[in-house]
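Worksheet: the structure to be examined is printed underneath.
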Amino acid sequence: MDETLLLIPGPTNLSKRVREAMAGPQLPHVGAEFYSKFKETVQLARYVFKNEKGVQFVYTGTGTTGMESAVVSLVSRGDRTLTLMNGYFGHRMFLLNQIHGAKADNMDFGSTRAADPDLLRKELRKKKYSVVFITHVDTSSSVLNPVEELVDECSKAGALSVVDSVCAIGGEPMDFDRLGADVVFTASQKALAAAPGAVLVAASARAMEHMENRKSPIESYYMSLLRWKPIMDDPKMYLATPATQVLLALREAMLEVKEEGIERRWARHKKLAEMAQHTVEGWGQKFVAEEGHRAHTVTSFWVKDGTAGPIQRTLEARHRVMVSRGIYDDKDRMIRIGHFGILQPEMFQKALGHMGEVLEELGLVQGRIASTRPRIRK
Ligand SMILES: Cc1ncc(COP(=O)(O)O)c(C=O)c1O
């Protein structure tokens with residue numbers, strides 16, 4: 001490998017085409033070329049979200065901009081909201097609700113279990129919530145939530161639903177029109193395989209109506225989806241200068257997604273997840289996420305306390321493969337492998353093989369490696 005292979009859960013490896021898309025001369029954001037490329041980017045975003053019915057947004061920012069845009073645009077001070085948490089990012093969403101003045105409740109499923117639709121139904125019967133926040137895949141734990149069932153419960157209870165799909169779209173199935181959620185967002189640097197710096201948001205007609213009929217105005221300029229809406233229709237209008245290179249990279253990355261076909265891309269991610277799970281199982285390590293709720297984009301497992309750092313460092317120094325450790329309290333005892341974007345099974349197989357060698361060398365999986373070579377499912 002002539003450069004480090006990123007197997008961290010974002011940002012991810014960039015294709016040659018995506019790198020080249022960022023390397024041209026500076027384009028004026030109001031000029032004809034950027035105008036037509038931006039319009040195309042919004043259409044491509046509709047393709048990756050499967051959003052024909054709702055409003056589609058693409059603007060400069062990160063996943064956190066998407067989180068905060070959803071909160072400030074939908075939640076008024078004093079509204080009762082519920083956040084389902086399975087790790088760090090769910091907790092951040094809860095915090096954003098508190099910061100922006102919601103009467104914020106949460107249901108904490110811990111960092112290993114998925115959110116339970118039955119428990120959600122019971123909670124929604126007890127209290128009237130205006131908005132429920134769901135994380136599709138919590139990147140800190142790799143828990144994949146049953147979004148369809150959770151969104152369904154919200155719809156039945158008359159609550160708006162928001163899905164943080166930052167670590168999912170492009171790798172996990174997403175059909176915005178069918179799902180029926182009110183706001184779904186992702187960021188450019190994960191399974192879409194573009195550079196960091198763009199946020200993509202889909203909003204239902206119901207969500208837009210809710211924003212238009214709010215009693216109090218949205219308490220943000222940049223993160224108001226209502227302000228961004230006219231820019232999506234006419235990018236010559238000015239709200240803030242877009243990160244043009246980042247958006248050109250995103251356009252190129254989504255053209256690549258379309259060429260592969262979104263369903264085929266989901267299938268490739270499923271295959272990568274199966275390879276990771278089979279290999280980790282073979283190593284005898286314990287998964288963080290419970291069975292049946294392990295993401296197709298990231299796999300995390302526990303390692304002996306204190307060994308996550310040496311595993312990460314040795315793998316990078318010796319094989320130029322970079323994985324992530326856990327977040328905060330879990331940083332010394334959890335490994336997270338990001339397997340999304342342009343990663344192909346053959347390359348992943350090789351990297352997992354190197355990882356097994358490192359675990360063996362550090363005395364963590366003696367005698368197991370030979371029989372547990374990662375395999376590619378045909
Ligand atoms: C699930 C999830 N939500 C939100 C974020 C925040 O995104 P960003 O770091 O781009 O602001 C991340 C980042 O990793 C994430 O994984």
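Structural remarks
- Of the criteria (1) away from the ligand (no atom under 15 Å from the Cβ); (2) free of Cβ contacts under 8 Å to residues at least 60 places away in the same chain; (3) surrounded by fewer than 17 Cβ atoms within 10 Å (Cβ to Cβ), which one Leu95 fails: (1)
- Selection within the stretch 62-76 - surrounded by fewer than 24 Cβ atoms within 10 Å (Cβ to Cβ) and in contact with a strand residue (DSSP E or B) (Cβ under 9 Å, 6 or more places away or on another chain): Thr62, Thr64, Thr65
- Residue in the stretch 53-65 that is part of a loop (DSSP other than H, G, I, E, B), at pLDDT 95 or above, within 15 Å of the ligand (Cβ to nearest atom) and under 30 Å from Lys258 (Cβ atoms) present: yes
- Residue match in the stretch 238-247 (condition: touching a helix residue (DSSP H, G or I) at 6+ places or on another chain (Cβ under 9 Å), surrounded by 19 or more Cβ atoms within 10 Å (Cβ to Cβ), of a type outside the set (Val, Ile, Thr) and outside the structural domain of Phe301 (by TED's automatic domain parsing)): yes
- Restricted to the stretch 156-166, and to residues there that are in contact with a His (Cβ under 7 Å, 6 or more places away or on another chain) and within 11 Å of the ligand (Cβ to nearest atom), the residue that is farthest from Asp105 (Cα to Cα) is Ser165.
- Qualifying residue in the stretch 100-113 (condition: basic (Lys, Arg), farther than 16 Å from Ser161 by Cβ, away from the ligand (no atom under 16 Å from the Cβ) and part of a loop (DSSP other than H, G, I, E, B)): yes
- Contact map, the stretch 145-158: residues that are assigned to a loop (DSSP other than H, G, I, E, B) paired with residues that are at pLDDT 95 or above and charged (D, E, K, R), Cβ distance under 9 Å, separation 6+ or inter-chain. Pairs shown: Asn145/Asp138; Pro146/Asp116; Gly158/Lys128.
So that you can scan it fast, the table gives a plain yes or no per residue for (1) in contact with a Ser or Thr (Cβ under 6 Å, 6 or more places away or on another chain); (2) in the same structural domain as His100 (by TED's automatic domain parsing); (3) surrounded by fewer than 20 Cβ atoms within 10 Å (Cβ to Cβ); (4) without any contact (Cβ under 8 Å) to a residue 12 or more places away in the chain:
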residue: Tyr222; (1), (2), (3), (4): no, yes, yes, no
residue: Leu226; (1), (2), (3), (4): no, yes, yes, no
residue: Ala253; (1), (2), (3), (4): no, yes, no, no
residue: Lys270; (1), (2), (3), (4): no, no, yes, no
residue: Gly284; (1), (2), (3), (4): no, no, yes, no
residue: His319; (1), (2), (3), (4): no, no, yes, no
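The values are calculated or read from the model by the stated rules, or taken from the named source; none is laboratory data. Just so we're clear, the structure is a prediction, and the values are computed from it rather than from any experiment. Counting neighbours? That spans all protein chains shown, and the Cβs are built from the backbone with ideal geometry, glycine included.
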